[in-house]
Amino acid sequence: MDQLVSKFEGNIDFKGQQLAESVSNTVLIVGSVASCLIGFVTQNVKLTCYAFAIFLILDLVIVVPPWKQYRANPVRFATSNRSIEVVN
Amino acid sequence: MFSALQRFQGISSNVITAAIWISLFVALSSYAQLYLNEFRSLPAVIDHVKAVTTLKYSRGFGSRNREPKENSRIAFDLTADISDLFNWNTKQVFVYLTAEYEGQPSIPANKVTFWNKIITKKEDAVLNLQKERSSFSVWDVEDSFRQRNASLKLEWNIQPHVGLLLWGENKGSYELTFPEVKGSSSAST
Amino acid sequence: MNLRQQLIQGLNIAMVVCSAFMFWKGLALVTGSSSPIVVVLSGSMEPAFQRGDILFLWNRNQYVDVGDIVVYNIKEKEIPIVHRVMREHKVIPEVKTKKRSARSKKPVHEPGKVRQLLLTKGDNNPTDDLPLYAYGQTYLDREDDIVGKVMGYIPKLGYVTILITENVYFKYALLGLLGLSTLLQKE
């Protein structure tokens, strides 16, 4: 059950999180400006909506699934080579 | 940003913020376009207005207790070009013809609509109507129009895709006198 | 979780509900309208407003103008109607000396004050709203019946509320989704 859940969770490492966040922000900013300009130049509001929807879907596809690029630097936990003795 | 769900939630909130910014840009830029086109006051010509006053006795025409109520209909010519009001953010323009007149001292102001039209495309925005008839029969809050004078004006309401609704009216007006009831003994033929 | 934590959680939920209520009432105070945000329920104003559009109202102007789009309530009917003003008459009614009973629902009018009487019609309706008004009522009164004038709107966002109230499957699906998400959340 736990393995199934972790597969669906889509975890990525820390460097990958930074990359994902910056990519998502860039795509959204570029997408917003581009859809505004497209609509204004063609004087058609529907084009703005469609362009923004395309950028939105693009953003979701790029960032949400855990691609290999986001898991390139996995976190290395320290291994335990000492045992702790309990002294009464 | 650790799990896919968190990334999805983060992106959703960013998308909503972006959508709000885009809406603001659309609304403000289209308002600027309209302002430059002087949307509040455009020229239009109302001409050759012929009015007919009849007596009606049913509730659907304003009559109370089957008392006679004067109803007015008009036919008019209209020349107007409101294509300046159309830009990417215009969903529709609602044009209507209004008549403004005074009443008794206890009724300081009256304004009625004789005709209206919905225009959704810029191609339909050049109006060149001849002998256009009023959309409905108009009655006053009093029982009779008493052959008063009224000012006819063309007004419009711009409905955007996003943003505030805007109103405007034409420069000048047409002076109309409500005629006597058709067929009454004192009316001239 | 011990009792104190549960009580604190309950308090948090109460704070959220109260702040939402405060925001709503504060907005009603600023706009002067009893219901400053409404969702369009009927198609009588198409193509201007579709079902599911959210409208923002403003009620602080003394008079409304012909051509304005207003939201109004018929006396004793709870459903707000969004239509356009077709006619207005500013009338100073005669002073009535008849005494009103304490249980009469008719609103008290200041004598000598101008009352604005309105006739409305939906853009998509063939005739005006006279059949919709209360029995014996021939005009709307700006102060008594008008909830507010429409200043701006957001398209289609309110369709969720229509689905919740009208579509039974949607309501249960939404509740099921909420329940599922609380169960699967790890935190």
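The values are calculated or read from the model by the stated rules, or taken from the named source; none is laboratory data. Please read all numbers here as calculations on a predicted model, not as lab measurements. No Cβ is skipped: glycine too gets one built from the backbone with ideal geometry, and neighbour counts run over all protein chains shown.
List pairs: first in region B:1-13 and facing chain A (nearest Cβ under 7 Å), second surrounded by fewer than 15 Cβ atoms within 10 Å (Cβ to Cβ) and not in a helix (DSSP H, G or I), Cβ under 7 Å, 6+ apart or cross-chain? If the second residue must be surrounded by fewer than 15 Cβ atoms within 10 Å (Cβ to Cβ) and not in a helix (DSSP H, G or I), the pairs left are B:Ala4/A:Pro65. Inspection of region C:45-62 identifies at least one residue that is in contact (Cβ under 8 Å) with a residue 24 or more places away in the chain, over 20 Å from B:Tyr96 (Cβ atoms) and among the small types (Gly, Ala, Ser).
Looking at the structure I just gave you, is B:Glu169 at pLDDT below 90, part of a strand (DSSP E or B) and not polar (S, T, N, Q)? Spelling it out, B:Glu169 is indeed at pLDDT below 90, part of a strand (DSSP E or B) and not polar (S, T, N, Q). For the residues C:Gly52, C:Gly26, C:Gly43, the requirement of being among the small types (Gly, Ala, Ser) and part of a helix (DSSP H, G or I) singles out C:Gly26.
For region A:21-32: of the residues being more than 9 Å from chain B (Cβ to nearest Cβ) and without any contact (Cβ under 8 Å) to a residue 40 or more places away in the chain, which is farthest from the chain's Cα centre (by Cα)?
If we take residues in region A:21-32 being more than 9 Å from chain B (Cβ to nearest Cβ) and without any contact (Cβ under 8 Å) to a residue 40 or more places away in the chain, then A:Val30 is farthest from the chain's Cα centre (by Cα).
Just checking, does region B:148-160 include any residue being without any contact (Cβ under 8 Å) to a residue 60 or more places away in the chain, farther than 17 Å from C:Met86 by Cα and outside any strand (DSSP E or B)? The answer is yes; a qualifying residue exists. When you scan region B:48-55, do you find a residue that is part of a helix (DSSP H, G or I), out of contact with any Pro (no Cβ under 9 Å at 6 or more places or on another chain) and not basic (Lys, Arg), even just one? Within region B:48-55, none of the residues are part of a helix (DSSP H, G or I), out of contact with any Pro (no Cβ under 9 Å at 6 or more places or on another chain) and not basic (Lys, Arg). When region B:36-64 is limited to residues that are surrounded by fewer than 15 Cβ atoms within 10 Å (Cβ to Cβ) and within 12 Å of B:Asp143 (Cα to Cα), the one that is nearest to the other protein chains (Cβ to nearest Cβ) turns out to be B:Arg64.
Scanning region A:34-43 for residues that are more than 9 Å from every other protein chain (Cβ to nearest Cβ) and exposed (fewer than 15 other Cβ atoms within 10 Å of the Cβ) yields a count of 2. Within the option set C:Thr120, C:Thr161, being at pLDDT 85 or above, of a type in the set (Ser, Thr, Tyr) and surrounded by 13 or more Cβ atoms within 10 Å (Cβ to Cβ) holds for one residue only, C:Thr120. Taking the criterion of being of a type in the set (A, V, I, L, M, F, W, C), surrounded by fewer than 16 Cβ atoms within 10 Å (Cβ to Cβ) and facing chain C (nearest Cβ under 8 Å), would at least one residue in region B:132-141 satisfy it? Scanning region B:132-141 turns up no residue that is of a type in the set (A, V, I, L, M, F, W, C), surrounded by fewer than 16 Cβ atoms within 10 Å (Cβ to Cβ) and facing chain C (nearest Cβ under 8 Å).
Of the set (1) modelled with pLDDT of 85 or more; (2) in contact with a helix residue (DSSP H, G or I) (Cβ under 9 Å, 6 or more places away or on another chain), all apply to C:Ile154 but (1). When each of B:Asn110, B:Asn128, B:Asn116 is tested for being farther than 16 Å from B:Ala75 by Cβ and either in a strand (DSSP E or B) or away from every other protein chain (no Cβ under 11 Å) (or both), the lone residue that passes is B:Asn110. Quick check: is even one residue across region B:88-99 at the interface with another protein chain (Cβ under 10 Å from one of its Cβ atoms), in a loop (DSSP other than H, G, I, E, B), on the phi < 0 side of the Ramachandran plot and more than 18 Å from the chain's Cα centre (by Cα)? Scanning region B:88-99 turns up at least one residue that is at the interface with another protein chain (Cβ under 10 Å from one of its Cβ atoms), in a loop (DSSP other than H, G, I, E, B), on the phi < 0 side of the Ramachandran plot and more than 18 Å from the chain's Cα centre (by Cα).
On the stretch given as region C:121-142, residues that are of a type in the set (Asp, Glu), more than 9 Å from chain B (Cβ to nearest Cβ) and within 19 Å of B:Ser137 (Cα to Cα) total 1.
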